[in-house]
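The values are calculated or read from the model by the stated rules, or taken from the named source; none is laboratory data. Predicted, not measured: the structure shown is a model, and the values here were computed from it. Neighbour counts are summed over all protein chains in view; Cβ atoms, including those assigned to glycine, are modelled from backbone coordinates with ideal geometry. The protein model used for the area step is the full one, side chains on, heavy atoms only, and it has no ligands, DNA or RNA in it. Shrake-Rupley method; radii C 1.70, N 1.55, O 1.52, S 1.80 Å.
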Amino acid sequence: MNTVVSGIRSTGNLHLGNYYGALKNFIRMQENNRCFFFIADYHSLTTHPDPTILYPNVKSVLTEYLACGLDPEKSAIYIQSDVPEVVELYLMLNMHAYLGELTKTVSFKDKARKQPENVNAGLLTYPTLMAADILIHNADQVPVGKDQLQHLEMTRNFAKRFNNFYKVEYFKEPMAYNDGTEPIKIPGLDGSGKMGKSEGNCIYLADDAKTIEKKVKKALTDQGPTEMNSPKPDCIENLFTIMKVVSTPDTVQYFDEKWNTCEIRYGDLKKQLAADIIAATEPIREQIAYIDAHPEILHKAVTRGKELARESASKTIKEVREIMGFRNF
Ligand code: AMP
């Protein structure tokens, strides 16, 4: 059985992109893999070191993870800071990580540009912390978005370097998770390529029906087609892309035909799209409300998750300490 590790930063609510692009796959993965899903609260300190938002953010991501169907009976669902072994491995890997490779990382350069007032060492060593998260369970596979592929490549380098330096075959070189399905990219409603927190164009899983209706109503559209069977501009294609995910094929076909015959009314399309997004996400909102009313569910899930994660992590740290030459007196 393959070991799969995935983390998400605790920097706010989950949106449709997170759900269809990541969580739905996680839910499938947990059926036939040994899965570790964690909330990366240490990582969030690199950009959001605010004690007033740390806990509420972790709580909302955890609630939403569970509400989407991640199952603590099938996977280890835990908080990164509950597993101190990760920090120990992070320190050890940092001793074999070079300034040159860390400063060259695309995400570091990007963040350093975005927050020039706070180019901290945590930002620089983000990839070693991510490598520690993965290697602490000696993972085979990691589900990663395109933006994280470079970090996974670095994780493989750190694993190889460790093995070479200490002349062992200890760490596996983790690969990107691939189950043969095409990754889904959920676009923004503002005509942009991607729905994302920093783009400010998200429909959140926790949004109520009215908010979803309002957001969809405001989605960018054009003047409408003037020629039969013409290609759709990006902003319209985006609405169809979301529709393909939340609506029935009949609905998509109906509006496709209306587009092709130049009879499309964007008001109708948006009404239908909003209704279908609301219907698709309603069970998640019901679960969120249920978990909010029963906080013991969170406690039970992370207590179990921490136990499973520490069991796996402490075995790794014990073996790594041995390899590196640490001995007890
Ligand atoms: P983020 O919230 O940007 O840290 O994203 C966490 C994960 O959610 C990413 O690694 C992707 O797998 C997934 N994700 C985020 N935004 C989208 C999107 N617009 N479309 C598809 N997947 C997404």
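Return the calculated 222 nm mean residue ellipticity for the chain, to the nearest 500 deg cm²/dmol, obtained by summing -39500 (n - 2.57) across DSSP H runs with n ≥ 4 and dividing by the residue count. Mind dumping the intermediate values first?
Details: 14 runs with 176 residues, N = 329.
So the helix-based figure for the chain works out to -17000 deg cm²/dmol.
Take peptides 127-136, 295-304 and line them up by average Cβ neighbours within 10 Å, highest first, as a rough protection proxy.
On the way: 127-136: 26.3, 295-304: 15.1.
Taking the mean over residues of other Cβ atoms within 10 Å, the ranking is 127-136, 295-304.
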For the chain, what does the relative contact order come out to in percent, with C-alpha contacts under 8 Å and a separation of six or more? 23
Among the DSSP beta bridges whose two residues both lie in the chain, what percent are antiparallel, rounded to the nearest 5? 5
log10 of Debye I(q)/I(0), alpha-carbon scatterers only, for the chain at 0.06 Å⁻¹: -0.25
With every protein chain kept in place and a 1.4 Å probe, the chain has an accessible area per residue in Å² of 52
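Ignoring ligands, DNA and RNA, what percent of the accessible area of the chain is carbon or sulfur (1.4 Å)? Write out the running numbers ahead of the final one.
Values: 9010 of 17030 Å².
Result for the chain: 53 percent of the exposed heavy-atom area is carbon or sulfur.
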Whole-Hz couplings from phi, Karplus 6.51/-1.76/1.60, listed for region 74-85; x for Gly and Pro: 9, 10, 8, 10, 9, 9, 3, 6, 7, 10, x, 4
For each pair in Lys104/Lys217; Lys74/Lys244; Lys244/Lys300, compute the distance between the two Cα atoms and list the pairs where it is over 32 Å. Lys104/Lys217; Lys244/Lys300
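Whole number please: convex hull volume per residue of the Cα set in region 1-152, in Å³? The partial results should precede the final answer.
Details: hull volume 17.3 nm³, N = 152.
Convex hull volume per residue, Cα atoms: 114 Å³.
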Distance from the Cα centre of region 103-149 to that of region 255-287, in angstrom? 37
Collect residues whose amide H, placed 1.01 Å from N in the peptide plane, falls under 5 Å from the amide H of Cys35; neighbours closer than 5 in sequence don't count. Val4, Ala76
Given the convex hull of the Cα atoms of region 47-98, what is a quarter of its surface area in nm²? 5.3
Beta carbons within 10 angstrom, averaged per residue: use that to sort the peptides 227-236, 314-323, 36-45, highest first. 36-45, 314-323, 227-236
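Please go through region 71-173 and write out the trypsin sites (Lys or Arg not before Pro) that DSSP classes as loop and that have at most 10 other C-beta atoms within 10 Å. List each step's numbers first, then the result.
On the way: sites: Lys74, Lys104, Lys109, Lys111, Arg113, Lys114, Lys146, Arg156, Lys160, Arg161, Lys167, Lys172; in loops: Lys74, Lys104, Lys167, Lys172.
Here the sparse-neighbourhood loop sites are Lys167.
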